[in-house]
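Accompanying notes for the structure given below.
Laboratory data are not the source of any read-out in this text; all were calculated from the coordinates shown. Since this is a predicted model, take the numbers as computed values, not measurements. Here the Cβ positions follow ideal geometry from the backbone for every residue, glycine too, while neighbour counts run over all protein chains shown.
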Amino acid sequence: MKKSSRRFFGSIVGATVGLPFLSLVLWSFAERWFYPALWPQAWGLRAWRYITSTAGFQVMTAIGHSVVVAAVTAAIAVVIAVPAGRALGQYDFKGKDLVSVLLTLPIIVPPLCVAMGLHLWFIRLGLAETYAGVIGVHLTFCLPYAIFVLWGVFANYNPDFEDQARSLGASRAVVMARVMLPMILPGISVAALFAFLLSWSQYLSTLIIGGGRVTTLPVLLFALMGSGDRPVAAAVSLVFVAPAFIALLFSARHLGNRSLAGVR
Amino acid sequence: MTSPLTTGADARTRKGPGGVALSLALLPALAVVLILFGGGFALGIVQALGYLPGAGLGEWSLAHFARVLSDPDFLHSFLLTLYIAGASTVIAAGISIPAALGLASLSKRSRVIHFIFQMPLTVPHLVIAIAVMFMLAPAGLLSRAATGAGWIASPADFPLLINDAWGIGIILTYVWKEIPFITLMLLAVLRHTGRDLLDVGRTLKADAWQRFRYITLPIIFPALGAASLIVFAYTFGAFEVPFLLGQTYPMTLPVWAYKHYSDIDLMARPEGIATGIVIALVVMAAVILAQVLTKAARKRGLIA
Amino acid sequence: MKRNSISVAVLLMLAAFALAAPSHAATQTPVANSWDAVVAEARGQTVDWFMYGGMPSANAYVNGYVAPQVKAKYDITLRQGPVKDIAEVVGKMVIEKQAGKASGGHVDLMWINGENFRTCKRNGLLYGPFADRLPNQQYVNWEKPSVYNDFGEPVDGLESPWGAAQVVMIYDTARVAQPPRTVGDLLTWIKAHPGRFAYPAPPDFTGSVFVRHIFYHVAGDVARWQGPFQPAALDQAASETYRVLGDLAPYLWRQGKTYPESPVRLNTLFADGEVDFSFSYHQAEASRNIIDGLFPDTVRTYVFDEGTIANTHFVAIPFNAADTAGAMVVANFLLSPEAQLKKADPDVWGDFPAIDPARLPAEWRERFEAQPRGPATLSDAELQSHQLPEPPSKILIKLEKGWQQHVLKGR
């Protein structure tokens with residue numbers, strides 16, 4: 001691509017991605033901003049003060065809930081997905097198609113349906129309104145995504161290195177930790193990031209199973225949004241984006257040239 | 001069947017290390033899918049069929065489904081949801097093809113563009129819906145800019161772009177969010193295979209359109225199809241965006257499902273669940289239909 | 001066999017997470033008899049108070065004032081659970097009742113009134129009666145119809161009053177010099193100014209009360225709906241209400257094709273100049289919004305000459321609450337003169353007190369009288385001389401459902 005057209009392409013991408021954020025940042029610092037002013041008429045920190053002091057405890061709690069749920073979901077998903085991904089990526093076996101279909105279903109069926117179905121039984125099992133319940137529901141769709149990522153990773157993985165290590169006398173555990181893990185680490189980061197982001201942005205299934213007790217950030221944001229207090233909604237929105245964005249920055253290192261293909 | 005997310009990966013599959021080891025490796029994953037997902041779905045069907053011991057609902061019946069399907073608003077809501085999901089998918093896919101080609105032709109040095117392009121993936125739908133509301137509302141940023149430029153005199157002159165009958169705000173939100181998703185799926189494929197074949201095409205003096213139609217498109221088609229299906233499934237079953245940016249009436253099916261589910265009238269709950277099941281069935285039918293069409297097209301040589 | 005071991009494994013896994021989840025006392029211990037014993041039992045409890053979360057002033061009052069106070073005074077940790085609509089919580093309790101979860105419930109206190117209270121009461125979802133056991137009840141005037149009756153439903157000690165509010169119309173003096181002073185004049189004004197008025201879609205609380213004002217307007221007499229009335233008369237008045245609102249729709253904002261979904265969305269439209277009026281089921285909200293810079297300084301409020309609807313809002317304790325003692329102590333603190341005075345401060349919230357200042361010691365009475373008012377809040381005398389009662393919940397629900405059918409869907 002020529003330099004000029006690259007600039008053009010880049011600026012379109014930048015503007016499209018950036019404008020929504022710009023509107024959020026402006027609103028979060030607007031003290032007074034009435035139509036038809038194109039720019040806030042008075043700036044201030046009311047919204048940020050509100051979410052750090054008045055609602056500070058709630059926002060911190062919500063961040064805590066969101067982080068715990070998303071991180072645990074991602075960790076469990078990866079731990080389960082590595083052996084499954086390896087089995088699917090490395091070997092041909094009877095019933096592989098069926099497994100593939102089974103794993104595809106949770107990706108296409110909306111979590112709404114599953115959460116509504118599980119709700120009553122989770123209450124009876126004491127799982128409703130607990131981290132366990134919410135993580136359980138999130139796993140149903142986070143896990144298949146993680147498996148598909150690692151499936152792709154293991155499809156390109158050459159196990160000959162493991163054989164070499166083994167022939168040099170390395171134990172099974174050492175082979176796993178020193179040979180396999182470093183090679184698939186970028187894939188694991190992508191899978192974990194997927195699962196984390198999917199869980200992080202989940203609203204309705206969290207609300208149904210978490211029942212207002214596991215108030216994650218989206219649940220809180222929805223409750224505060226009802227207020228239509230635009231500066232506050234904008235500030236909470238920015239808080240909501242930040243951790244996921246940081247996660248992307250961090251994993252960008254691990255990812256190298258790999259992209260986030262497949263994240264939604 | 002190739003998994004939708006591993007298209008382009010050339011599997012180095014081999015004969016297994018024995019059934020037991022494989023089963024053990026797959027067991028936890030299948031347990032989660034079968035028990036939590038399958039169980040939830042099955043329990044949903046059971047409840048939608050009116051079976052709810054301990055709540056005076058001990059009989060199996062299709063009454064809840066019948067009530068949902070015979071509601072005069074159902075068809076309206078169904079068509080609206082179908083239209084929003086369909087339009088979002090088609091527009092996002094349509095923009096993603098040139099975007100992926102553009103990104104693929106960028107040199108490795110343009111990592112900043114790549115990074116920016118990935119950012120929407122980390123943004124929850126809820127947040128972008130709020131931002132879209134700020135920008136497109138009748139007195140939003142765009143309307144203020146138009147007023148400043150003297151094109152309109154008051155917010156009432158500004159076209160209704162959110163909470164509108166055509167779901168424009170909803171579709172724009174989805175398009176913004178899903179373009180990077182589809183594009184990066186296509187990019188993964190283009191990186192793997194595209195270059196050499198295009199060089200061959202060039203040496204054979206194929207023009208740009210021919211190269212696109214007969215080389216690029218067949219290469220990206222499976223990934224495009226898979227990504228589009230996932231986007232369609234998501235947008236058909238998602239709640240937040242239409243709830244915030246949709247019209248008061250008619251509402252999309254997921255909003256309807258949740259409204260019924262959370263109704264304080266107990267009898268409305270099974271109807272909510274039944275609506276949820278209908279959504280799931282529609283999505284599954286769309287996936288199966290896509291598979292059938294793809295197979296048919298492949299047989300007739302329309303696609304690779 | 002295999003299937004069994006799978007499910008056992010998953011249940012074990014889930015049980016492991018359950019341990020990591022926030023723990024909570026799982027049993028509902030019977031609350032002790034004397035108030036001192038209740039206070040002693042409440043010590044160290046965590047009270048989860050669920051309420052509508054879309055009201056920044058109420059959020060600020062609860063989190064910034066009540067929570068630290070009950071912590072310092074009673075060693076109670078108060079956590080606010082903000083929700084879009086308290087009906088979500090009521091719905092959740094209905095499901096819990098159905099699932100047989102009779103104790104260890106997560107919700108300890110709810111901010112509630114009207115139809116949600118009625119639903120709770122009729123379905124046995126409330127703990128109590130407890131209101132009469134709170135020492136600060138002595139300041140409440142239980143003779144007042146709007147206190148002993150919540151939207152026509154006898155309170156029966158199942159909820160404790162927290163505050164009172166009245167509908168006011170909100171307008172900007174810079175835009176509308178002479179606002180229409182009666183409901184009839186407002187209807188005329190809307191038709192003369194197409195697109196400049198909107199109301200939130202019922203069942204939104206505020207949209208719903210607008211419909212009830214129209215109902216009172218077309219039905220003429222307000223008092224006849226408080227006692228027994230003929231169902232046919234209700235049907236007739238309701239149909240007339242839908243007809244008036246249906247005729248009005250083309251003159252509303254966006255020709256009535258869509259409605260704001262919440263009062264604050266309506267406030268946004270009003271602040272942005274898309275519509276010329278807002279209204280609030282809260283007499284001091286406009287002042288609060290001026291202070292927060294959300295409304296211009298020229299905004300004022302007024303009440304209709306024939307009056308506007310007023311009500312009392314309450315707190316209630318769910319049947320399966322885990323921390324009933326703590327919830328009762330919080331409910332009692334909410335009725336204390338200092339908590340009520342703080343709530344009445346326009347800089348904080350500006351809510352009407354639930355207690356009757358006349359019953360207070362002279363010193364407190366003076367402090368209530370000396371309370372400053374916000375720039376747009378009417379005087380108590382002006383408000384109280386223009387109050388209308390809420391109709392029974394039955395009428396309210398009928399109007400909400402009927403509005404959906406006849407006005408929104410045009411059937």
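The mean sequence separation of alpha-carbon pairs under 8 Å and at least six residues apart, normalised by the residue count of the range A:48-255, gives a relative contact order of 35 percent.
If chain C were replaced by its equivalent ellipsoid, with semi-axes equal to the square roots of 5 times the Cα gyration tensor eigenvalues, what would those be, largest first, whole Å?
Working: eigenvalues 284, 147, 89 Å².
Calculated on Cα positions only, the semi-axes equal 38, 27, 21 Å.
Overall form of the range A:1-44: prolate. Here a/c, set by the Cα gyration tensor axes a ≥ b ≥ c, is 1.5 or more, and a/b is the larger of a/b and b/c.
Between the listed residues B:78, C:161, A:187, the Cα displaced farthest toward the positive end of the dipole of the protein assembly as shown, a dipole computed from Cβ unit charges relative to the Cα centre, is found at A:187. P(r) for the range C:324-368, from all Cα pairs and a bin width of 5 Å, is 5, 23, 27, 22, 14, 7, 2 %, short bins first.
Legend: calculated FRET efficiency, residue C:122 to residue A:25, from the Cβ-Cβ distance at R0 = 41 Å, rounded to 0.05, equals 0.25. Among A:79, A:137, A:190, the residue with the largest mean-square fluctuation in a Gaussian network model of chain A, with springs joining Cα atoms closer than 10 Å, is A:79.
Considering only alpha-carbon pairs that sit under 8 angstrom and 6 or more positions apart, the relative contact order computed for chain C is 26 percent. Amide H to amide H distances under 5 Å link residue C:306 with C:183, where only residues 5 or more positions off or on other chains count and H is placed in the peptide plane.
Contact order, relative form, for chain B: 25 percent (alpha carbon pairs under 8 Å, 6 or more residues apart, mean separation divided by residue count).
Here the protein assembly as shown carries DSSP beta bridges of which approximately 65% are antiparallel, counting only pairs with both residues inside. Placing +1 on the Cβ of every Lys and Arg and -1 on the Cβ of every Asp and Glu, with no other charges, gives chain A a dipole of roughly 580 debye about its Cα centre. What is the distance in Å between the Cα centroid of the range C:274-352 and that of the range A:42-70? Each part reduced to its Cα centre gives a spacing of 23 Å. Between residue B:209 and residue B:79, the C-beta separation translates, for a Förster distance of 35 Å, into a calculated FRET efficiency of about 0.50.
Roughly what angle does helix C:183-192 make with the longest principal axis of chain C, taking Cα atoms, 0 to 90 degrees, to the nearest 10? It works out to around 70 degrees. Alpha carbon centre of the range A:206-241 versus the range A:127-190: separation in Å? The range A:206-241 and the range A:127-190 have Cα centres spaced 33 Å from each other. Sorting C:221, C:292, C:380, C:108 by the number of Cβ atoms found within 10 Å of their own Cβ, with the fewest placed first, yields C:221, C:380, C:292, C:108. Principal axis extents of the Cα atoms in the range C:268-411, from largest to smallest and rounded to whole angstrom, are 54, 45, 29.
Can you bin chain B into rounded, prolate or oblate? Criterion: square roots of the alpha carbon gyration tensor eigenvalues sorted a ≥ b ≥ c, rounded for a/c under 1.5, prolate for a/b above b/c, oblate for the rest. The partial results should precede the final answer.
Working: a/c = 2.13, a/b = 1.15, b/c = 1.86.
Since a/c reaches 1.5 but b/c is at least a/b, the shape of chain B is classed as oblate.
Shielding value for A:123-135 is 6, the average number of Cβ atoms from other chains within 10 Å of each residue's Cβ. Computed from Cα atoms, the angle from the helix A:230-255 axis to the main principal axis of chain A rounds to 30 degrees. With both partners inside chain C, how many of the DSSP beta bridges are antiparallel, as a percent to the nearest 5? For chain C, the DSSP antiparallel bridge percentage is about 65. Secondary-structure-derived ellipticity at 222 nm for the protein assembly as shown, considering helices only, amounts to -18000 deg cm²/dmol, per-run term -39500 (n - 2.57) for DSSP H runs with n ≥ 4. Counting neighbouring Cβ atoms within 10 Å and putting the fewest first, the residues B:205, C:97, C:144, C:257 line up as B:205, C:144, C:257, C:97. A simple charge model with +1 on the Cβ of Lys and Arg, -1 on the Cβ of Asp and Glu and nothing else charged puts the dipole of the protein assembly as shown at about 4780 debye relative to its Cα centre. Per-residue Cβ neighbour counts within 10 Å put C:386, C:193 in the sequence C:193, C:386, beginning with the fewest. Amide H contacts for residue C:79 (H built 1.01 Å from N in the peptide plane; partners 5 or more residues away or on another chain; cut-off under 5 Å): C:47, C:48, C:49.
Among A:171, B:135, A:74, which residue has its Cα positioned farthest towards the positive end of the charge dipole of the protein assembly as shown, with +1 placed on the Cβ of Lys and Arg, -1 on the Cβ of Asp and Glu, and the dipole taken about the Cα centre? The residue sitting most towards the positive pole is A:171.
Remark: the protein assembly as shown is approximated by an ellipsoid whose semi-axes, taken from the C-alpha gyration tensor as √(5λ), come to 51, 33, 26 Å, largest first. The residue B:281 and residue C:221 beta-carbon pair, evaluated with R₀ = 45 Å, returns a calculated FRET efficiency of approximately 0.30. Modelled this way, with points 7 Å down the Cα-to-C-beta line, the labels at residue B:63 and residue B:202 are 7.0 nm from one another. When Rg and Dmax are taken over the Cα atoms of chain A, they come to 22.2, 75 Å.
Working from the Cα coordinates of the range C:42-151, the gyration tensor eigenvalues give, after taking √(5λ), semi-axes of 22, 20, 16 Å in decreasing order. Taking the Cα centre of each part, how many Å lie between the range C:130-184 and the range B:61-127? For the range C:130-184 versus the range B:61-127, the Cα centre distance is 46 Å. Taking 7 Å steps out from each Cα toward its Cβ at residue C:305 and residue B:293 produces label points 6.5 nm apart.
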